[in-house]
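Asks: Sharing a structure below in structure tokens format, with a few things to ask.
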Amino acid sequence: RRAGVPVVPVALRTDGWTNGRPPLKDLGRIDPTLPAEFAFGAPIPVEGRGTEAHDQTVAFIADKLESWGLPPERQ
């Protein structure tokens, strides 16, 4: 918001990236035979506190994951 630029939502599916072991849990092995997909949404202007932009970003990611066959947990 302070930068005055829109948010560009990004959805990422990384089935081929497994969990690592502590302390490097985020750095697991990569299986290149499994799919990895990503999608960029249209830029969303951030106005006010940014609540609407956040909601639109979450909705974009949830819809994209669902279209890839991975129904996300909605809160």
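All of the numbers you see were taken from the coordinates with simple rules; none came from a lab. The shown structure was predicted, so the numbers you read here are calculated from the model rather than taken from an experiment. Every residue, glycine among them, receives a Cβ derived from its backbone with ideal geometry; neighbour counts consider all protein chains shown.
Asks: Between ALA53, ALA62, ALA36, where does the largest GNM mean-square fluctuation fall for the chain, given springs only between Cα atoms within less than 10 Å?
Replies: ALA36
Asks: Calculated FRET efficiency, ASP15 and ARG49, Cβ-Cβ r, R0 25 Å, to nearest 0.05? Let's see the in-between values first.
Replies: On the way: r = 35 Å, r/R0 = 1.39.
That pair, ASP15 with ARG49, gives E of 0.10.
Asks: Rounded to the nearest 0.05, what FRET efficiency is calculated for SER67 and ARG29 with R0 set to 35 Å and r the Cβ-Cβ distance? Write down the numbers at each step before the final one.
Replies: Numbers: r = 27 Å, r/R0 = 0.76.
Rounded to the nearest 0.05, the efficiency is 0.85.
Asks: Note down the net charge around ILE44, summing +1 for each Lys or Arg and -1 for each Asp or Glu among other residues with Cβ under 15 Å from its Cβ. Don't skip to the answer; put the middle values down first.
Replies: Numbers: positive: ARG1, ARG49, LYS64; negative: GLU47, GLU52, ASP55, ASP63.
The answer is -1.
Asks: Right, another one. Could you calculate the FRET efficiency of GLU37 with ALA3 from 1/(1 + (r/R0)^6), where r is the beta carbon distance between them and R0 is 30 Å, rounded to 0.05?
Replies: On the way: r = 28 Å, r/R0 = 0.94.
With a Förster radius of 30 Å, E is 0.60.
Asks: Taking the structure as given and computing mean projected area of the Cα convex hull in nm², which label from (i) 7.4; (ii) 4.6; (iii) 6.8 fits?
Replies: Step by step, mean projected area of the Cα convex hull in nm² for this structure corresponds to label (iii).
Asks: Still on this structure, please answer the following. Out of the chain, which GluC sites (Glu not before Pro) are coil in DSSP terms and have no more than 15 other C-beta atoms within 10 Å?
Replies: Sparse-neighbourhood loop GluC sites (Glu not before Pro): GLU47, GLU73.
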